[in-house]
Amino acid sequence: MRRRVGPGKGTKRARHRGWVTVYGHFKTTCPPVGNPPLQRQSHRTNARRNRDRISPLPCGNSNGWRLVYSCRVPRAGRLTPVRRLSIVTTTPDLLEALAHTVAIDDDAGVELADRLPPGPVLSWVRDGAGLVGWGEVARASFTGPGSLHRADQWWQALSSRLRIVDDVGVSGSGPIAFVSGAFDNRLADTVVVVPATVVGRSRGSSWLTSYESGAERASDGDSQLPPIERPRGPGMISYSDGSCTATQWRAAVAETVRRIRAGEAGKVVLARDVIATADETIDARFLLRQLMRRYPSCWTFLVDGLIGATPELLVSRQGERIAARALAGTLRPGQGAELFSSPKERAEHEYAARSVAEVLARHCSSLQLPDAPELLELPNVVHLSTPIHGLAATPASALALAADLHPTAAVCGTPREVAADLIPRLEQMDRGRYAGPVGWVDTAGNGEFGIALRCGQLDGNQLRMFAGCGIVEGSDPDAELAESVAKMVTMRDALEADAGDRSWPDR
């Protein structure tokens with residue numbers, strides 16, 4: 001049984017000069033890992049200094065107390081964001097269980113999405129290969145500066161204590177963690193989920209990883225596969241404006257162009273959202289199946305309700321090999337020649353490719369980039385693309401590399417700090433985990449992370465869809481709006497695969 005760490009029965013509160021510190025009471029069989037439980041702090045300075053001292057796992061003694069979060073107390077009616085620094089849940093017997101990976105006889109003609117049972121599921125799939133998972137043995141969320149790096153440290157601490165038998169021995173076999181990072185760690189959580197069961201497929205091999213107790217040893221992996229099930233579509237779909245109307249967003253683009261021409265920034269990426277509402281609860285497996293079929297060259301992902309098919313590989317680490325694919329510059333299908341010759345689109349792409357290469361150069365002994373970008377043609381858009389390859393010179397995991405890269409100029413802008421400050425003021429919305437890193441990491445630090453693009457946040461019968469555009473000096477508000485609509489086609493097509501008449505808020 002999973003026990004949650006957090007406020008509730010047995011919770012203690014300590015107040016000190018404008019801070020509330022909450023210590024969660026818990027019982028677990030996990031042995032102590034990392035820092036000891038915090039003691040009560042007597043004043044704000046100590047609380048602020050110690051608020052990041054969070055154990056990677058709940059401490060093992062049943063009378064222990066651990067800092068769950070610190071937050072500002074609202075004063076004079078002012079609401080301030082709660083900064084939950086860490087929330088961790090694990091199954092009580094996680095460290096006693098055996099993480100066992102076995103080879104399975106998997107029909108390559110069956111989509112990995114069809115292997116998923118009902119309920120919360122996870123995905124990272126491209127060209128029929130990748131990873132899907134379900135269930136949870138551990139989950140953690142992190143907010144605030146360095147949240148992605150703290151997520152990496154937590155996973156390293158946990159994975160180093162797991163009991164593992166891996167009969168397959170390839171990248172992605174053994175225990176893995178799915179990660180979805182916040183775009184702005186001041187506003188949203190970075191989420192890490194360790195699934196109870198994973199099915200993987202790569203280069204002709206298929207495997208299943210599960211956590212087994214001493215009394216529940218599985219005879220083979222094939223017997224643990226759920227029956228193949230074809231989920232139903234969501235029915236009729238209607239659309240409505242999200243945080244702003246199309247007219248308001250065009251005005252935001254115009255204001256951004258004005259600021260760029262005034263010299264405040266070189267590039268700023270603005271995003272918008274549209275709400276899709278279905279007649280019935282939207283089955284994530286239905287969307288995954290549609291995305292995998294329609295966009296096989298993209299990475300189809302699902303972590304904690306954030307679902308999409310991203311064309312942009314933020315970073316991949318497989319042993320010493322590091323790779324990335326920078327995307328920026330977009331037009332409609334069939335306009336590749338115009339895209340390649342456009343000074344505006346080439347300038348936007350140059351910002352993005354340079355921002356990725358500069359970070360990876362710090363971690364690589366050698367780095368290879370083409371002299372000119374390539375064209376990446378997708379069903380709904382065509383992009384300028386720069387593939388980047390390098391050899392690792394540091395032990396940084398795929399998640400740590402993603403943390404260093406985020407946010408790139410492709411989703412934020414340049415200079416990065418200036419653009420990051422302008423975005424929430426101009427967009428007037430919280431992106432959540434849209435445009436953040438999303439992917440997986442294994443116990444050896446191998447993994448793949450994309451940028452959460454062409455996606456939406458799933459919640460019951462609603463999907464909050466996102467799209468963003470890079471704004472530079474030559475941007476036109478009408479053209480940028482049209483680009484955002486084209487990018488949302490990815491999720492619209494998946495939703496509408498069996499739907500009837502729809503209305504789209506193009507006003």
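Rg/Rh, computed from the Cα trace of the range 289-349 with Rh as the Kirkwood radius, has the value 1.06.
Using only the Cα atoms of the range 410-507, what semi-axes does the equivalent ellipsoid have when each is the square root of 5 times a gyration tensor eigenvalue? Give whole Å, largest first.
Values: eigenvalues 121, 106, 30 Å².
Here the semi-axes work out to 25, 23, 12 Å.
What fraction of the Cα pairs in the range 438-492, stated in percent, has a spacing above 16 angstrom? Tail fraction, whole percent: 59. Taking the fewest neighbouring Cβ atoms within 10 Å as the starting point, the ordered list for S365, S475 is S365, S475.
Listed peptides 227-240, 283-296 appear in the order 283-296, 227-240 once ranked by packing, highest mean of other Cβ atoms within 10 Å at the front. Name all residues of the range 462-498 having a backbone nitrogen under 15 Å from the label point set 7 Å from the Cα of E338 along its Cα→Cβ direction, giving them as ranges. Of the residues in the range 462-498, 475-484, 486 have backbone N under 15 Å from the label point off E338. Binning the C-alpha pair distances of the range 151-275 at 5 Å intervals from 0 yields a P(r) profile of 2, 7, 11, 12, 11, 11, 10, 10, 9, 8, 5, 3, 1, 0 %, listed from the shortest bin outward.
With the cut-off at 17 Å, report for the range 94-224 the share of all Cα pairs above it, as a whole percent.
Values: 5109 of 8515 pairs.
Here the tail beyond 17 Å accounts for 60 percent of pairs.
The residues C364, C455, when put in order of fewest to most other Cβ atoms within 10 Å, stand as C364, C455.
A cut-off of 5 Å between modelled amide H atoms, ignoring neighbours fewer than 5 places along the same chain, links A410 with no other residue.
Distance between the C-alpha centres of the range 286-341 and the range 145-194: 22 Å, rounded to the whole angstrom. Annotation: the residues H389, H383, H363, H349, sorted from fewest to most other C-beta atoms within 10 Å of their own C-beta, follow the order H389, H363, H383, H349.
Taking only the alpha carbons of the range 216-346, we obtain Rg and Dmax values of 21.0, 68 Å in that order.
We did not get these values from a lab; they are worked out from the coordinates using the rules stated. None of the values given here were measured: they were computed from a predicted structure. Note that we place each Cβ from the backbone using ideal geometry, even for glycine, and neighbour counts take in every protein chain shown.
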